[in-house]
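Before any comments, here is the structure.
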Amino acid sequence: MTSTATLESTADRVDAQPSGLGTYVREMFAAATLDDTVEKVLSLTQQLFGCDEVGLLLAADGEAVSSVAASGDDVARAEALQLDSKQGPGLQAIADHQPVTATELRFDSRWRFWAPLAADLGFRSALSLSLADGDTSGAITLYSRRPSRFTSSDLPLARDFAEHASIAIAVATERQQLLRAIQSRGMVGQAQGILMQRYGISDDQSSEILRRYAQHLDAKLRDVADRVVRDRKLPELDDVTLPALAQLSSGATGSSPSR
């Protein structure tokens, strides 16, 4: 027997909330980190639309879609299969900037490789929503284990929800990037202080040594600074640091670095 909750429409569930969609939006924006925001989007999607599982594909800074978040193991496999096969409703929603609905995955010819594999995982229908705001893009896909679960009546609310989710994820992404930049500058400053004390060099010289060392190893400056702070020294001193220091210090102090 079909339950009353199953027959209840998505719009009815939202209208039953004291403040409608606003309750879900506030919860998305209240998350502290990007990971927390993504997890909140996944859980609220299930709560709002009553779907079985939710998956999310995400890209940032113009990079290719590569990040996958999911509400369960089966949907994580389905999302990963989209990336492996380069096809699926999520990738199509990203490309078309439009919602994509699949009523029966077993017989959907749009994704000849992905659709039957998703059906083998137990999914019969899906609804993918494009996420795009600033440099952040992606798609959130709602999965159901029964066919024809999602209809055109779901689309108006789905579009509104996806728009708010896009902004929440973009804000969380920018906040995380800013925090990392601040932490990186702090780490580099600590590393410079260690080198200045260890070798008796200036701030400019310590900055140049870190930069040259990072170039030598083809590594990020922050990663090199982290090694200096952790180990209180730079590996391969004879190959990189001391020659650079000698060149920078020649004619300046005439002193040699202490070990």
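What follows draws every value from the coordinates through simple rules; no lab data is involved. The structure displayed is predicted, hence computed values, not measured ones. Cβ coordinates were reconstructed from backbone atoms using ideal geometry, including for glycine residues, and neighbour counts include every protein chain displayed.
General remarks:
- Residue-wise HN-Hα coupling along segment 89-96, computed from phi with Karplus coefficients 6.51, -1.76, 1.60 (Hz; x: Gly, Pro): x, x, 5, 5, 4, 5, 5, 8
- Amide H to amide H, with H built 1.01 Å from N, R124 comes under 5 Å of S144, R145, R146, counting only residues 5 or more places away or on other chains.
- Modelled spin-label separation between A219 and S148, with each label point placed 7 Å from Cα along the Cα-to-Cβ direction: 6.0 nm.
- With the convex hull drawn around the C-alpha atoms of segment 83-222, the volume per residue stands at 149 Å³.
- Derived scalar couplings ³J(HN,Hα) [segment 139-146; Karplus, 6.51 cos²θ - 1.76 cosθ + 1.60; whole Hz; x for Gly, Pro]: 7, 10, 10, 8, 10, 10, 8, 10
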